[in-house]
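Colleague: The structure that follows is given in the form of C-alpha cells.
Just so it is clear, none of the values below were taken in a lab; they were calculated from the coordinates. These numbers were taken from a predicted model, which means no experiment stands behind them. We place every Cβ from the backbone using ideal geometry, glycine too, and count neighbours over all the protein chains shown.
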Amino acid sequence: MSTKQQATKEQIFEKAKQQQLWAGHLIAADHLSEATLDNYTPIDNSIIGQIASGNSDDVDTAVQVARDAFENGEWRRLAPAERKAIMQRWCALMHEHVEELAALDCVDAGKPITECLNTDIPATIETFEWYAEAADKVFGKVAPTGSAALGLIVQEPIGVVGAVLPWNFPAQMYAWKVAPALAMGNSVIVKPAELTSLSAYRLTELAYEAGVPREALQMVCGLGENVGAALGQHMDVDMVSFTGSTEVGRLFLQYSAQSNLKEIVLECGGKSPQIVFDDAVLDDAAINDILSAAFWNMSENCSCGSRLLVHSSQKQALLEQLKNGLKGWKVGSPYDPDTAIGPMIEKAHFDKVCHYLKTAKEEGATIVAGGNIREDLGSGWYIEPTIFDHVSADMTLFKEEVFGPLLAVTSFETEEEAIKLANETNYGLAASFYTQNIKRAYRVASSIKAGTVSINGFSEGDITTPFGGYKQSGFGGRDNGLEALAQYAQTKTIWLVN
Ligand code: NAD
C-alpha cells in the first residue's frame, strides 16, 4: 500500500487478526539486526504481528548516522522556516491518516477507539502543529555589555537526542518528545515502548514522506534493557528524554553519570491527589472530572488522580454520585465505540493491579463500586473501575502508583490536613481540587507540591503549558510549552570583541 493512502480502521483491525502489523527499525543504514518479537494486543491477548527487536549494534549504527547528519547540518542548518514547512507537511499527512493512526494505538495499547480518534491522535497532531509553528520563533538575546564587546546569547540544538517512550499514550508521547526536539534542529532517535511501537513507526514513515531527512529522525525498536539502555549509556548521545516509570528513570541518571554526562529529562510516575473541600460544588461536570481524573485511559495515566481526599461532610453524597456516574463508563472491547474502559496493557501489569486490589482489601479498605475482574469479556485483561473507601495514609493503595483503575478515598476535616495528605507522597506530578473560596484556591494551589494543579476541574493543561513533575515524578525539564523547546536547546555565549 502506498504510504499516501490511509488504511481504514477496519483494515487495521483485519490486519491485526491476520497477524500482519509490523513495526521495524527505521535506521538510515544497512546491516541491521533481524531479530523480532511477537506483538500481542491486550484486547484479547492474541498476536497481531511482530516488531523488530534491536540491540546495541543497531543503536551504535543509528547514533553514527544521527551524528553525521547533525554535523553535516542537513536538518540543523535548514532555515527554521524550512523546518517548519516540512513539519507542517507532516501534519497535513497526519490529518489524512487520523483513522489509521487511531486504529494502530487502539489495537496496540488496548485504548478505546473513540478515545484514540477524538483525543490521542488530534492531540498528537496539535503538538506537531504547535512546535512546527514555533520553529522559526526562537530568538536569542544581546547582553548589556557596553561598547567593549558584543555579547550574543544564542540557542543551539543539543545534538543527538534519544526519545525513550512509554506505552500508555503511544502517539502522543512520541509527539511530546519528537516535535520540539526536531523543531529545534536536533537529530532524533526514537525508542518506542516494546508494547506499542506501531503508531511511532507509521508516524515516522509519514515524516519521511513529508521530507524530514531519514538521518535526522530514526527509530530503533526493541526491549528497554537492550535498546533503551544502549541509548542511555552511549558516549555519543547528547541527551535522552524519557517518559516512563520512576524506577527506569533512575537508571537513566545512572547511565548518564557512567557515560558522557548526557542531559537527561525524566517524566515519571505519579500518585496525584484530588481534593474535595466542604464548600465544593459537586455538579455533573465536577463528578465527571473527578471520575475522568481517576479512570481515564484505564487509569494508565501518569497524572491519574488516584487519591480522592474528601471533606467528611461531603463524603457520603460524593460517593453516591461517583457510583452513579460510573454507570456511564462502559467496560469492554476497545473496538466498540461506546467503550470507556478497555483492558490493562498486558498480563504482567494486570497481575500487578490485581495484587493491589487484593492488598487494599486485606489492609482494610472497603469497596464502594466495582472490584471485579471481567473474565466474561474474553481473554484480555479487564478490571472494573473500582472505588475504595476508608483508605488511610499508611496503606499501600495510598502510597504506591497502581497505574490501574483503583481509586483510594480518604476523608479529612481541615484544610491543613488535606494539604498534608495531598503532599504525603514521593510523587508530585499533578493535583486537582474543588472549592468556591478564591482565597483558599490560591492558598492550596501554592501549597501543593506538584507540577500541574487544576482548580474546579481535572486538566493537564494544554500544549501551551509546561507539564512535568516535582519530587520523584520528574527531573531536568518539562514537556509541552516553550519550556520543552528550551530543553532541546543549549545556550551559547558568543563574545565579539570590538
Ligand atoms: P517503563 O519505565 O517500564 O518503560 C518506559 C520506557 O523505558 C520503555 O520504552 C522501555 O522499553 C524503556 N526501558 C525499560 N527498561 C529499561 C532499562 N532497563 N533501560 C533503559 N530503558 C528501559 O514505563 P512504562 O511501563 O512504559 O510506562 C508507565 C510509566 O510511565 C508509569 O510510571 C507512568 O506514570 C509513566 N508516565 C509518565 C508520564 C509523564 O509525563 N510524567 C507520561 C506517561 C507515562
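Colleague: Quick one: which of 163-174, 312-323 comes out on top by average Cβ neighbours within 10 Å, and what's the full order, highest first?
Modeller: Going by the mean number of other Cβ atoms within 10 Å, highest first, we get 163-174, 312-323.
Colleague: Would you mind working out the magnitude of the charge dipole of the chain relative to its Cα centre, with +1 at each Lys and Arg C-beta and -1 at each Asp and Glu C-beta, to the nearest 20 Debye?
Modeller: That gives the chain a dipole magnitude of about 1000 debye.
Colleague: Using the charge dipole of the chain (Lys, Arg: +1 at Cβ; Asp, Glu: -1 at Cβ; taken about the Cα centre), state which of Asn186, His95, Ser53 has its Cα farthest towards the positive end.
Modeller: It is Asn186.
Colleague: Measure nothing fancy, just the Cα-based angle from helix 312-326's long axis to the longest principal axis of the chain, in degrees from 0 to 90, nearest 10.
Modeller: Helix 312-326 sits roughly 70 degrees off the main axis of the chain.
Colleague: Fewest Cβ neighbours within 10 Å first, please rank Met298, Met395, Met219, Met235 accordingly.
Modeller: With the fewest neighbours first, Met298, Met395, Met219, Met235 line up as Met235, Met395, Met219, Met298.
Colleague: Here's something else I'd like to know. Considering the dipole of segment 260-323 built from charges on the beta carbon (Lys and Arg +1, Asp and Glu -1) around the Cα centre, which of Ile275, Ala285, Ser299 is farthest to its positive end?
Modeller: The listed residue farthest towards the positive side: Ser299.
Colleague: Which percent, nearest 5, of DSSP beta bridges in the chain are antiparallel?
Modeller: 40 percent
Colleague: Would you work out the charge dipole size for segment 186-245 about its Cα centre, treating the Cβ of every Lys and Arg as +1 and the Cβ of every Asp and Glu as -1, and quote it to the nearest 20 debye?
Modeller: 120 debye
Colleague: Non-local amide H neighbours of Ala143 (under 5 Å, H modeled in plane, Pro and chain starts lacking H): which ones?
Modeller: Gly151, Leu152, Ile153
Colleague: Ranking request for peptides 348-356, 379-387: highest mean number of other beta-carbon atoms within 10 Å first, then the rest in descending order.
Modeller: 379-387, 348-356
Colleague: Measure nothing but the geometry: give the 0 to 90° angle between the long axis through the Cα atoms of 284-295 and the longest principal axis through the Cα atoms of the chain, rounded to 10°.
Modeller: For 284-295 against the chain, the angle is about 70 degrees.
Colleague: Next question. Dipole of the chain (Lys/Arg Cβ +1, Asp/Glu Cβ -1, origin at the Cα centre): which of Ile438, Pro170, Gln258 lies farthest to the positive side?
Modeller: Value: Ile438.
Colleague: Let me ask you something else. What number comes out for the charge environment of Leu282, summing +1 per Lys or Arg and -1 per Asp or Glu over other residues with Cβ under 15 Å away?
Modeller: Around Leu282, the surrounding residues sum to -4.
Colleague: For the chain, what is the convex hull (Cα atoms) projected area averaged across all directions, in square nanometres?
Modeller: The directionally averaged projection comes out at 24.4 nm².
Colleague: On C-alpha positions alone, give me the angle between the axis of helix 170-183 and the longest principal axis of the chain, in degrees, nearest 10.
Modeller: 40 degrees
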